[in-house]
Structure formats: C-alpha cells, structure tokens
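Participant: Shown below is the structure under consideration.
The values are calculated or read from the model by the stated rules, or taken from the named source; none is laboratory data. It should be emphasised that the depicted structure is a prediction, and the values quoted were computed from it without experimental measurement. Here Cβ is always computed from backbone atoms with ideal geometry, including for glycine, and neighbour counts include all displayed protein chains. Only protein heavy atoms, including side chains, enter the accessible area calculation; ligands, DNA and RNA are left aside. Shrake-Rupley method; radii C 1.70, N 1.55, O 1.52, S 1.80 Å.
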Amino acid sequence: MFEPARHPPALLVRVADLWQRLYLDKQDALIAATLVTTDLARLGAPPAILAQAARVIEDNIRHIEVCGRVLDAVGAQARPPAPETTRSNLGRGESIDTRCARALVTGFTVTQALAAAGFAAARSLAREPFVAWGFTELLRDESRHGTFGAQAAGWVIRDWSSAERQALWPDCVARMEAVERRLGGPLPRAANGNGRGAHPAERQAEALGIVSPEVTCAAVVSAIPRWVLPHLQSLGIMPQPLARPAFVH
C-alpha cells in the first residue's frame, strides 16, 4: 500500500501534478474515442471494428479510474476538465470519413503509440509499487489503441486515392512534433537518453514515475520508427520515398 508519509510533500505535489495531467488526458481520450466510435458507426463500420472501438472506450473509462486512484493515494483530488475544453469540436467542417480518418491516424495511430512509449519509460524507473501499477495499467491498453487506430483507419480510407492518404501526413508530423514539445523537447541529440537522475532527489522522483524530458523524449522518439512509421507506411500515408520528421534521430 502506498504510504505518502514516506515521501517529501513537495515531491508528492509533483506526482499529483503528473497524474492530474494524465487524468485530463484520459478524459480527453474518452471523448475522442466516443466521437470516433460514433463516426465509425455512421460510416457503417464492420462489427469487429465497432467492438474494438467500444473496448477503447471501456479502457479509457478505466484509465480515468486508475488516475483517480493514484491521485487519491498521494492525497490529491482529481479535478475534472471544464465543459467544452477538450475535443468537443473535433473535425468540425470536415466530412465524416475525413474527420474520422484524421482522428484515428493522428489521435490513435500516432499519439497512443507515443504515449505508450512514455509510460513504458516511466514504469521502467518507478520503484514505488503502486505508481508502477498505475503506469502498467495505462501501458497495457495504450499500445493496443495505436493498433486499433491503424486498423480502423485502414477500413475508413480503403477507397481513398494515394493523394488523399498522403494529405494526412503533415498532420501526423505536426502531432509527433507537438507530443515532443509537450515533453520538453526537442532536445539535442547528445542529450537523448542521458537524462537519468544522478542526484538522490532526482532518483527519488524517478522512483515515483517522474522522469526527465531527456528520458521521456528519447523513448518517444525511438518509438516513431519502431511503431508509428510502419503503421503509417502500411496505410499509404507516408510520401514515397520514406520520409521522416526532422526530429527522428
């Protein structure tokens, strides 16, 4: 059982801030998954894809609960997002298939795969069992969500031309860059992966899942050629010859 008294109050505040951000991210992901599922149903997606989409919704509901449990354990209260501040305007002005494909590719195939890499990095350093459990719960589903995005997008764009598919590429690059900036990047190449804390206080933070931008960015950037680009290439979204964002080292 997590014992807050074993950790400095200032460190617990940092942990609470981290999981509050994750809590809001999961609220956002739940809204996005619900909207995408609705669009897939309107487009007449096969039952197998709709079942996967429903599983993603269930996963995100559980992720919200996990984040809330971690927050409660560190003595913080989850703060829900204000109405109309997340993805309520997703895809306005676009056709159903375009907005659905864009959401599946950028929000799931790209973002969820990168999020999984970040969770894996944090879990690998977390030594507090309850915090490690939280990251494990998120990681287990997040990697599957990226695959769902690619599979569902493949159905949505099955009749799209090569030009229509490749038109999604700039949005994918923008999303990858946005994820890296949010994590504190882009970082010099020499810094990637060398951000392990040497100071005892930094090690203590890592034990509670708070890792440096160097560690997280390195994990996320390495996931791009391993997981994201192969999916995008299989969907015909990446221009030929193989193009890579400037921050892929």
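Participant: Each residue of the range 204-219 in order: what ³J(HN,Hα) in whole Hz does its phi give by Karplus 6.51 cos²θ - 1.76 cosθ + 1.60, θ = phi - 60°, with x for Gly and Pro?
Facilitator: 5, 5, 4, 4, 9, x, 9, 10, 6, x, 4, 5, 5, 5, 4, 5
Participant: Please give the helix 47-73 orientation as an angle from the longest Cα principal axis of the chain, in degrees from 0 to 90, rounded to the nearest 10.
Facilitator: 20
Participant: Is the shape of the range 127-190 best called rounded, prolate or oblate, per the rule: a/c under 1.5 gives rounded, else a/b larger than b/c gives prolate, else oblate, with a ≥ b ≥ c the square roots of the Cα gyration tensor eigenvalues?
Facilitator: oblate
Participant: Tell me the mean residue ellipticity at 222 nm calculated for the chain from its helices only (DSSP H runs of n ≥ 4, each -39500 (n - 2.57), averaged over every residue, nearest 500).
Facilitator: It comes out at -20500 deg cm²/dmol, rounded to the nearest 500.
Participant: Considering the Cα trace of the range 1-59, what is its radius of gyration and what is Dmax, both in angstroms?
Facilitator: In Å, with Rg to one decimal and Dmax whole: 17.9, 54.
Participant: Please calculate how many Å² of accessible area the chain carries per residue, with a 1.4 Å probe and no DNA, RNA or ligand atoms counted.
Facilitator: Computed with neighbouring chains in place, this is 47 Å² per residue.
Participant: A follow-up question, please. Modelling each spin label as a point 7 Å along the Cα-to-Cβ direction, I'd like the Ala54/Glu164 distance in nm, to one decimal.
Facilitator: 2.8
Participant: Taking the Cα-to-Cβ direction at Arg69 and at Trp133 and moving 7 Å from each Cα, how far apart do the two end points lie in nm?
Facilitator: Going from the Arg69 label point to the Trp133 one covers 0.6 nm.
Participant: Take the chain, compute every pairwise Cα distance, and split them into 10 Å bins from 0; I just need the percent in each bin.
Facilitator: All Cα pairs considered, the percentages come to 7, 30, 34, 20, 7, 1.
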